[in-house]
C-alpha cells in the first residue's frame, strides 16, 4: 500500500488515509479479503502516529470498507458486487459503475486532444447573445428570483407544449413538469414508480444514467437486447411472463448509445403489448429533435391512446446542456405524484433559467437553431463513417439517421478496455461499451460521439483509433499464428 | 359529488373526471370507505357517456384511489394514513402533507394581500444589476454552458469555502458539494444515509421539506420536542436507547419554524452525545448568516472534531432563492457517496448559475448585502413583535435573534385551522403549525415570516390577525359562559 500524504493540506492526515485507502478499495486495487498492513506497520511506512492510523481504520470500519478480526488482522470487507456469471434473464441490481469508481474512468476525456467520449452538442452552436438577452430580461422580474411553481414556469410549459406538438405529442402545459434535464426526469420518474427490489426493464445497451439511477434506488434490472428495429419483441414477451416489471425504459429515437431508430411496426407492436399487458413505458426522446434528413418518426407517446406511456425529454442535446432543463409528461395522477417527488427533492428548477428558455422558445428561435445543428451533425456523422470505413475496416458500426452517437463493434478478441486506454494515451477519448450494460459483459464495443468534433478532427481522431486497433489486430494474429505453429498434435 | 367539466379543454373528459375525483379523495372530501355514485348515476349527473365514467373509474382503481366490489359498488380505498393517536416515542412514517393535498393549503398565500406564510427574503433586496453582470460574464464562457463537474463549479466551491470559514467551519473546496438549494442537500443526504424503514430523528416542530423528503423515502421519523435551548437532551437520550436512528436532523441556528437558537452548552452536549453514541448529525444552517445583532453562535460543525456532523446550507434565505443553490459538506467518504446520489439524480446544478454566484462571492459583495438584510430583518422582526403585543395579547411567541420566522402559540381552545382560513379570507396568509409536525397534533400554532413584509404592512396584517383571534376568543368565552350557566349541579 502506497499513500501520497500531504502534510501541508487542510485535510487532516487521518482523513487523507481514509480517503486514499477508500479509493484503493473502491477501485478494486485492494480486493475484497485482502489483508491490510497492521497499524504499527502502516505507521512505520507512512511516518504517521499509530493513533492516526488507528483513527483512519476506525472510520474505514464504520464506513464498511474494512473489517477487523481480533488476532487475525484487518481485511477489506466484501462489497455488494454481484457475481460476474449471470444468466441473461436474471433480474439483478445493476453493477453501479460509479460506486465501483469505473464510470468516471469509462467516460474519461483527454485534457488536450480529441474526444468522442461524451454525447455533447457543439458548443460553438450555443446562441450566446440571444441567451444573454433572455437572461437579462428574466432577471428584471423579481418573481423569477424567488421560489417558483413546482411544476415549472407556466410560460416555459406553454413553450414546451408547442415543441412537443411538433413531435406529434399532445400535452397541455399543465400536463408538463419541468425538470433539471433528462437525468432528473428519469430519477424522479423511477423513484415515483418503483421501490427498492422492484424489477424494471431497459434496453441493452442503454443510457448509463438510467442504470445508475436504478442501482442507486436498489431496483433490479433486466436488459433487453436490441436489433436494428428496437427491442426484440420475443425477448420482451418472454421476460414479461417471468417478471412483473414496474416499467420499461426506452430511448426509441436515435437510441443512446447505438444510434438506431425504432421502426414504425416495432413502435406499434410495443404500444399493443403495453395495452395487453398493462405495461408502463417510459419513453426518453432526448434525441428526437435531432434527425438528419428524414423526419424523425413520431414517438410512442404520439400513439398512446391508453395512457401507458410516460414521455420525457431535455434541451441538453438539442440546445444547451448548462441550462439543465428537461421535462416529463404523464397521465395526470402519475404526473402529480412525480411532481411531489420533485418538490421534495429540490422544490423546483430555477425559475430564472426556465424563463430565459421560455422567452427563447416564444420568440420562435429554436427552429432555426435546430435546422443549423441538424445539418452540422449530419455532416459530422457522415465524416465519421467515412473515416471509420478507411481506418477501421475490420470493425462494424451503426449508421444513425439522427442524434449524436454511433456504436462501434470491435473485431473478436480485441479488448475494449485496452483499446480505450491506449486511445486515451494517444489523446483520443471514447466511451467504453461496458458502461452501457447493466452487468459485466465480454463483447468489445465503443460509443463514438461526433457532435462536438469538427470533420478535420474526426478524421484525425478516427485515424489514431484505427492505428491503435490495427496494432492489436497484428498482435492478436501473431499470437494465433504462434499458437498454431507451436501446438503439437495429440497422438 | 360535483365535477366541473370543461368540454373545450385539451384534457380528455375521462381524465378530467380522474383528476377531480382524485383531488377530492386526496383532500379528504371523499373519505376512505365512502361509496361513489354508480357509473350510470354519475353518467346521468355529468351528462358524460357511461364508457367515459367507466374508463375514469378503471384508472382511479389502477391508481389505488378506489376499489370496486362486485354487487356492492365502488368505494374510496384506504390510503396509508397513520392513525391519529400516536405515542410520542413511536417511530412512524410522517404523514405526507403534500400527498394528502394539505401542504399547499397550509402554505397558501392570498393572491392579493399580506403574506406571512413563507420564509422568504425581501425581493427588494436582490442585487439585480450585479446579478445581471455576473450572469453575462458567466455566459461568455462556453464551458459553463456544457455539463459541469458533479461536485460543482470549482470557483463557487472556493467561494463557499470562504463563506463557511466565516461561520467557523473549515471545509476545503473539494469537501463541498453544490446542490439545488438546501432542499436538494437534505434529500440527497437522506437518500444516501438511510433506506426505507430506517428511523431518523428530527426536531418537533421542524422544516416540512425534511419531513416530506423522509415520507417520500419511506423513513420512520421520531420528533424530539424543543425547549428554549434546543432539543431536550433527556428525550434524545431515551430515544437513542430505544431506536438506532440513521441520523438526527437539526436546524440549530434560528430554527425553522420556531426561530430559537441553540445555546452553547446544548451544542456542546449534542456533540458529546454524538461522539459517545456514534450518532450522525445533519446540521441545517440555512439561517446562520442572518443574525440580527449578536453574532450567530458557531455551528455544531465548527466543533466537530470527530467527523460526526454533516453540514448543509443554502443561499436561498441569505441571497436569492431563484438561483436554487445550496451546499453540503461531510466527511470525505460520505460526501463522495452523496455526490454519487447527486450525479444520478440530475448530473450537476447549472454551471451558469453557479459561476454567477461564484463571481458575486469572489468580488466580496456578499458581506455588504448581508449587513443590509440583517438590519432590515431585525427591524421587521421587532415591528412584528411590537404589533403582536398590541393585537394578540392572549398569545405567546418566540423572540428570534436572527432568521426569518417566529412561532406563535394560540390561546387554548382556539383552532389553528379556523384562524388560518379566516385570516386568509381577510387577505392575510400565515403558515399553519400542523405542517411542521411529523404527526397530527392538537395544539394551535402559526409560523409568521416577516422578511418580505414592510413594517407598515406587518402592522396592518397582524392587526387583522388579532381581530380574527379576538373574535374567536369572544365566541370561546361566550360558549364557556353559557356552558357554566346551563350546567346543573350534580346533587
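In table form, for the structure just shown:
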| quantity | calculated |
| --- | --- |
| Residue in segment B:114-130 that is within 8 Å of chain A (Cβ to nearest Cβ) and more than 24 Å from residue B:253 (Cα to Cα) present | yes |
| Segment B:402-413: number of residues that are crowded, with 19+ Cβ neighbours inside 10 Å and assigned to a loop (DSSP other than H, G, I, E, B) | 3 |
| Test for residue B:434: is it part of a helix (DSSP H, G or I), on the phi < 0 side of the Ramachandran plot and at pLDDT below 95 | yes |
| Exclusive hit being under 30 Å from residue A:442 (Cα atoms), away from chain B (no Cβ under 14 Å), buried (at least 19 other Cβ atoms within 10 Å of the Cβ) and in contact (Cβ under 8 Å) with a residue 24 or more places away in the chain, set A:258, A:233, A:183 | A:258 |
| Any hit, segment B:280-293, residues being over 26 Å from residue B:187 (Cβ atoms), touching a residue at least 40 places away in the same chain (Cβ under 8 Å) and assigned to a loop (DSSP other than H, G, I, E, B) | yes |
| Checking residue A:442 against (1) part of a helix (DSSP H, G or I); (2) under 27 Å from residue A:224 (Cα atoms), the condition it does not meet | (1) |
| Output for segment B:465-484, where each listed residue is closer than 16 Å to residue B:427 by Cα and crowded, with 17+ Cβ neighbours inside 10 Å | B:465, B:466, B:468, B:469 |
| Residue A:18 within 14 Å of chain B (Cβ to nearest Cβ) and modelled with pLDDT of 75 or more | yes |
| Total residues in segment A:1-14, condition in a helix (DSSP H, G or I) and at pLDDT below 80 | 0 |
| Residue tally, condition free of Cβ contacts under 8 Å to residues at least 60 places away in the same chain, surrounded by fewer than 24 Cβ atoms within 10 Å (Cβ to Cβ) and within 16 Å of residue A:283 (Cα to Cα), over segment A:206-229 | 4 |
| Residue check, residue A:298 over 25 Å from the mean Cα position of the chain (by Cα) and either more than 10 Å from chain B (Cβ to nearest Cβ) or in a helix (DSSP H, G or I) (or both) | no |
| Some residue of segment A:193-200 being buried (at least 24 other Cβ atoms within 10 Å of the Cβ), at the interface with another protein chain (Cβ under 8 Å from one of its Cβ atoms) and within 21 Å of residue A:437 (Cα to Cα) | no |
| Matching residues, segment B:104-124, being buried (at least 18 other Cβ atoms within 10 Å of the Cβ) and either farther than 23 Å from residue B:445 by Cα or at pLDDT 70 or above (or both) | B:114, B:115, B:116, B:117, B:118, B:119, B:120, B:121, B:122 |
| Residues (in contact (Cβ under 8 Å) with a residue 24 or more places away in the chain, surrounded by fewer than 20 Cβ atoms within 10 Å (Cβ to Cβ) and touching a strand residue (DSSP E or B) at 6+ places or on another chain (Cβ under 9 Å)) located in segment B:378-394 | B:378 |
| Residue match in segment B:406-415 (condition: closer than 24 Å to residue A:147 by Cα and within 22 Å of the chain's Cα centre (by Cα)) | yes |
| Residue count for segment B:21-53, restricted to those that are assigned to a helix (DSSP H, G or I) and away from every other protein chain (no Cβ under 14 Å) | 10 |
| In segment A:201-211, the residues that are in contact with a strand residue (DSSP E or B) (Cβ under 6 Å, 6 or more places away or on another chain), away from chain B (no Cβ under 12 Å) and within 20 Å of residue B:343 (Cα to Cα) | A:202 |
| Condition met for residue B:442 (exposed (fewer than 15 other Cβ atoms within 10 Å of the Cβ), more than 24 Å from residue B:382 (Cβ to Cβ) and either in contact (Cβ under 8 Å) with a residue 40 or more places away in the chain or in contact with a strand residue (DSSP E or B) (Cβ under 9 Å, 6 or more places away or on another chain) (or both)) | no |
| Qualifying residue in segment A:81-101 (condition: modelled with pLDDT of 85 or more and at negative phi) | no |
| Filter pass, residue A:339 being in contact with a strand residue (DSSP E or B) (Cβ under 6 Å, 6 or more places away or on another chain), facing chain B (nearest Cβ under 10 Å) and in a helix (DSSP H, G or I) | yes |
| Candidates B:278, B:326 - the one that is at the interface with chain A (Cβ under 10 Å from one of its Cβ atoms), farther than 22 Å from residue B:375 by Cα, buried (at least 22 other Cβ atoms within 10 Å of the Cβ) and touching a helix residue (DSSP H, G or I) at 6+ places or on another chain (Cβ under 8 Å) | B:326 |
| Single condition residue A:375 does not satisfy, out of (1) surrounded by fewer than 22 Cβ atoms within 10 Å (Cβ to Cβ); (2) over 26 Å from the mean Cα position of the chain (by Cα); (3) modelled with pLDDT of 95 or more | (2) |
| Extreme residue, surrounded by the fewest Cβ atoms within 10 Å (Cβ to Cβ), among residues of segment B:5-33 that are out of contact with any helix residue (DSSP H, G or I) (no Cβ under 9 Å at 6 or more places or on another chain) and without any contact (Cβ under 8 Å) to a residue 60 or more places away in the chain | B:8 |
| Verdict on residue A:357 being within 14 Å of chain B (Cβ to nearest Cβ), closer than 20 Å to residue A:286 by Cα and either touching a residue at least 40 places away in the same chain (Cβ under 8 Å) or out of contact with any strand residue (DSSP E or B) (no Cβ under 8 Å at 6 or more places or on another chain) (or both) | yes |
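To keep it simple, each residue is scored yes or no on (1) more than 24 Å from residue A:290 (Cβ to Cβ); (2) within 11 Å of chain B (Cβ to nearest Cβ); (3) buried (at least 16 other Cβ atoms within 10 Å of the Cβ); (4) without any contact (Cβ under 8 Å) to a residue 40 or more places away in the chain.
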position	(1), (2), (3), (4)
A:134	no, yes, yes, no
A:137	yes, yes, no, no
A:147	yes, yes, yes, no
A:156	no, no, yes, no
A:160	no, no, yes, no
A:164	no, no, yes, no
A:168	no, no, no, no
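The values are calculated or read from the model by the stated rules, or taken from the named source; none is laboratory data. Since we're looking at a predicted model, the values are computed, not measured. Note that each Cβ is placed from the backbone with ideal geometry, even for glycine, and that neighbours are counted across all protein chains shown.
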